[in-house]
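Peer 1: Dumping the structure here so I can ask a few things about it.
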Amino acid sequence: MPLRFFNTYSREPEEFKPRENKKIDIYTCGPTVYSRAHIGNFRAYVFEDLLVRHLEARGFKVHRVMNITDVDDKTIRGADEAKVPLQKFTQQFKDAFFEDADKLRIKRADEYPAATDQRYIDKMVAMISALISKGLAYQADDKSVYYRIKKFPNYGKLAHFNLDELQSTGRVKHDEYDKEHIGDFALWKAWDEDDGDVKWDSPWGSGRPGWHIECSAMATALLGDQIDIHCGGVDNIFPHHEAEIAQSEGVTGKKFVNYWLHCAHLLVDGQKMAKSLGNFYTVPDVLEKGYTGRELRYALMRVNYRTQLNFTWDGMKEARESLGRIDDWLERLRGIAENGPSRTGGKRSTSHVQRPTEDSEFEKALDDDLNISAALGFLFETIREMNRAMDENKLDPTTASVWLNWWNRINGTLDFESDDIELPEEVKKLAEARAQARLAKDFRKSDELRDKLIALGWEARDTKDGQKITRRAGAK
Ligand SMILES: [Zn+2]
């Protein structure tokens, strides 16, 4: 089956055809750096990471740009309230974004352009000038420049509605009376007092760019007039991405994006995340509960990107258990691959376990609009079957090695493998004492030691291959 994605533009799954044979350009809307991104934002970034890694695994060369929005209403308000310059205010959240992304093992994009870079401000001004000269934009009495959406026939194609609907459903607040149409959006916002010293010169007086034009300018400046894939969260579809199309195509006259991929919302305990509900979590909030970035990566990735994901603490525990299953399986597999040959004397395989195919069900599932639940289903089914075979001594070293190679291949996409945790000295001693107690069948002592480990934030699990020590859920 060919690689295919569900395209928001057509509302259909479509076979993926890059513009150039094996080269793909991807633009993804990045964070607005006015506060620390929450785990809902990171769900989208983890989905994009899966997308890029799968495309690379399929032999494509991906050029990926993710923008950083470091000027808009929220960043200006935040800097004003904190009484620091805009740059200084946004820098802390840029740093936090990269810190969190690293914890979640998200591969870096090739470029992270910032909206306030003069190079892109110039590009935004040039694009707005071009739109005005084509009659697609106008300066209103309030001195701001707006996009004239009535002049762009395709406006509403991405979000699938027409202009009359826009008016009647009140999807746009009627709070700016200088515009010709309530749906007209700002390309350039004229300076006002609230902006303080945040302003740039332009042919329309000093002011600052609107959020939508930032993305059109950075995308076309770095990737050209046309892009293979553009991603974001579903909340970006309207008005942000609709506006990006109107602006970019309005200037270039060419189709801006071939495939629009949007990630569904993340719920927390079945509800929309909100600071007022107390269910608003950042990556550090989750790590403070004793979970690792790897576990959160798993929890955010395991559900298909177009399906709502309900984040719960039980889900985090499941993530830990699932990764534990992978860890245990790998350890057994490595044991057989390394120690096995002496037993079989290098004889040919006597294994009852099938070897993975060159193109396994895992990759095929991801080809189908990144069907991660099917891909993981295949992985865990494989683990179950192989564990059974290993219990019955039916796995030979060569087959074990072949499966390890397979794992290394798919782990290049998943990045789920544990980085060995260094146990603190005290924990190591308690764990050794507990292992001894269990050997001596002194279960009372073993339980006491388990409680001591728990008090220190560690958990002892007893597996077929002995005791495993992991960080405990909920521990600091
Ligand atoms: Zn954007």
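Peer 1: Give me the percent relative contact order of the chain, please, defined on Cα pairs under 8 angstrom at least 6 residues apart.
Peer 2: Averaging sequence separation for qualifying contacts and normalising by length gives 16 percent for the chain.
Peer 1: Net charge near L222: determine it from the other residues with C-beta under 13 Å of the C-beta of L222, scoring Lys and Arg +1 and Asp and Glu -1.
Peer 2: On the way: positive: R64, R119, K123; negative: D25, D110, E111, D117, E214, D225.
Result for the local shell: -3.
Peer 1: Counting only heavy atoms of the protein chains, get the accessible area per residue of region 65-132 (1.4 Å probe) and round it to a whole Å² value.
Peer 2: Numbers: 3120 Å² over 68 residues.
Spelled out: the 1.4 Å probe surface of region 65-132, per residue, equals 46 Å².
Peer 1: Using the Karplus curve 6.51 cos²θ - 1.76 cosθ + 1.60 with θ = phi - 60°, what ³J(HN,Hα) values do you get for each residue of region 239-251, in whole Hz, with x for Gly and Pro?
Peer 2: x, 4, 6, 4, 5, 4, 5, 4, 6, 5, 6, x, 7
Peer 1: Can I ask one more? Just going by the charge dipole of the chain, with Lys and Arg at +1 and Asp and Glu at -1 on Cβ, which of T307, F89, L323 is farthest out on the positive end?
Peer 2: L323
Peer 1: What does the accessible area per residue of region 377-434 come to in Å², with a 1.4 Å probe and no ligands, DNA or RNA counted? Can you show the working numbers first?
Peer 2: Values: 2910 Å² over 58 residues.
For region 377-434, the per-residue accessible area is 50 Å².
Peer 1: Also, I was wondering about something else. In whole Å, what are the extents of the chain along the principal axes defined by its C-alpha atoms, from largest to smallest?
Peer 2: Result for the chain: principal-axis Cα extents of 86, 50, 39 Å.
Peer 1: Hey, any idea what the orientation-averaged projected area of the convex hull of region 162-291's Cα atoms comes to, in nm²?
Peer 2: 12.3 nm²
Peer 1: Still on this structure: Using only the heavy atoms of the protein chains and a 1.4 Å probe, how would D178, D367 rank by accessible area, largest first?
Peer 2: The residues order as D178, D367, largest area first.
Peer 1: Pairing the Cα long axis of helix 397-414 with the longest principal axis of the chain, what angle in degrees results, from 0 to 90 and rounded to the nearest 10?
Peer 2: For 397-414 against the chain, the angle is about 20 degrees.
Peer 1: A further question follows. Over 29 Å between Cα atoms, which of K88/K151; K94/K468; K394/K429; K150/K275; K157/K364; K23/K123 qualify?
Peer 2: Distance filter (> 29 Å) returns K88/K151; K94/K468; K394/K429; K150/K275; K157/K364.
Peer 1: OK, next. Using the charge dipole of the chain (Lys, Arg: +1 at Cβ; Asp, Glu: -1 at Cβ; taken about the Cα centre), state which of P203, G290, S129 has its Cα farthest towards the positive end.
Peer 2: Positive-most Cα among the choices belongs to G290.
Peer 1: Please give the charge dipole size of region 23-148, origin at the Cα centre, charges +1 on K and R Cβ atoms and -1 on D and E Cβ atoms. Round to the nearest 20 debye.
Peer 2: 400 debye
Peer 1: Relative to the Cα centre, what is the charge dipole magnitude of region 3-90, using +1 at the beta carbon of each Lys and Arg, -1 at the beta carbon of each Asp and Glu, and rounding to the nearest 20 debye? Please report the intermediate quantities before stating the final value.
Peer 2: Working: 16 positive and 13 negative charges, 58 e Å.
So the dipole magnitude of region 3-90 works out to roughly 280 debye.
Peer 1: Moving on. What is the gain in length, in nm to one decimal, between R444 and V234 on full extension, counting 0.36 nm per residue of separation less the C-alpha to C-alpha distance?
Peer 2: Full extension of this stretch gives 70.2 nm more.
Peer 1: What are the residues whose amide H is under 5 Å from the amide H of L187, where those residues sit 5 or more places off or on another chain and H is modelled from the backbone?
Peer 2: Distant-sequence amide H within range of L187: V145, Y146, Y147.
Peer 1: Related question: 5 Å is the cut-off here: which amide hydrogens, built 1.01 Å from N in the peptide plane, fall below it relative to Y281, excluding neighbours closer than 5 in sequence?
Peer 2: Sorted by chain and number, the residues that satisfy this are I39.
Peer 1: What's the angle, to the nearest 10 degrees (0 to 90), between helix 39-57's Cα axis and the longest principal axis of the chain?
Peer 2: The helix 39-57 is inclined about 70 degrees to the chain.
Peer 1: Next up: As I understand it, the value is the acute angle between the Cα axis of helix 443-455 and the longest principal axis of the Cα atoms of the chain; what does it come to in degrees, rounded to 10?
Peer 2: Between helix and principal axis, roughly 20 degrees.
Peer 1: What does the charge count near L439 come to, summing +1 for each Lys or Arg and -1 for each Asp or Glu among other residues with Cβ under 13 Å from its Cβ?
Peer 2: Around L439, the charge tally is +1.
Peer 1: Something else now. Which of the peptides 101-109, 206-214, 357-365 is most tightly packed, and how do the rest follow, going by the mean number of other Cβ atoms within 10 Å of each residue?
Peer 2: Top to bottom by mean Cβ count within 10 Å: 206-214, 101-109, 357-365.
Peer 1: What is the sum of charges, Lys and Arg at +1 and Asp and Glu at -1, for the other residues whose Cβ falls under 14 Å from the Cβ of H63?
Peer 2: 0
Peer 1: So, one more: Counting only protein heavy atoms and using a 1.4 Å probe, what share of the accessible area of the chain belongs to carbon plus sulfur, as a whole percent? Please list the in-between numbers first.
Peer 2: Values: 10410 of 22650 Å².
Its accessible area is 46 percent carbon and sulfur atoms.
Peer 1: Go through S276, I76, C231 and say which Cα lies farthest out towards the positive end of the charge dipole of the chain; charges sit on Cβ, +1 for Lys and Arg, -1 for Asp and Glu.
Peer 2: C231
Peer 1: Just to check I understand the Karplus step: with θ = phi - 60° and J = 6.51 cos²θ - 1.76 cosθ + 1.60, what whole-Hz values come out for region 367-381, glycine and proline as x?
Peer 2: With the stated coefficients, region 367-381 comes to 4, 8, 6, 6, 6, 5, 5, 5, 5, 5, x, 5, 4, 6, 5 Hz.
Peer 1: Moving on to the next point. Starting at the first residue of region 100-116, write each ³J(HN,Hα) from the Karplus equation 6.51 cos²θ - 1.76 cosθ + 1.60 with θ = phi - 60°, in whole Hz, x for Gly and Pro.
Peer 2: So the J values, rounded to whole Hz, are 5, 4, 5, 4, 8, 6, 7, 5, 5, 5, 6, 9, 10, x, 9, 4, 7.
Peer 1: Still on this structure, I have one more. What percent does the relative contact order of region 1-51 come to when contacts are Cα pairs within less than 8 Å and at least six residues apart?
Peer 2: Over region 1-51, the number comes to 19 percent.
Peer 1: May I ask for the distance between the Cα centers of region 238-303 and region 92-128, given as a whole number of Å?
Peer 2: For region 238-303 versus region 92-128, the Cα centre distance is 16 Å.
Peer 1: What size of dipole, in debye to the nearest 20, comes out for region 232-293 about its Cα centre when the only charges are +1 on Lys and Arg C-beta atoms and -1 on Asp and Glu C-beta atoms? Don't jump to the answer; show the numbers that get you there.
Peer 2: Numbers: 5 positive and 7 negative charges, 14 e Å.
It works out to roughly 60 debye.
Peer 1: I would also like to ask the following. Along Cα→Cβ, 7 Å out, is where each label goes; now give me the distance between the ones at V84 and R58 in nm to one decimal.
Peer 2: 4.2 nm
Peer 1: A further question on this structure: Search the structure for amide H atoms under 5 Å from the amide H of R64, placed 1.01 Å from N in the peptide plane, and list their residues when 5 or more places away or on another chain.
Peer 2: Excluding prolines and chain starts, which carry no amide H, the hits are I26, D110, E111.
The values are calculated or read from the model by the stated rules, or taken from the named source; none is laboratory data. What you are looking at is a predicted structure, and each value in this text was computed from that prediction instead of being measured. Glycine also receives a Cβ, built like all others from the backbone with ideal geometry; neighbour counts cover every protein chain displayed. Surface accessibility is based on the protein's heavy atoms, side chains included, excluding ligands, DNA and RNA. Shrake-Rupley method; radii C 1.70, N 1.55, O 1.52, S 1.80 Å.
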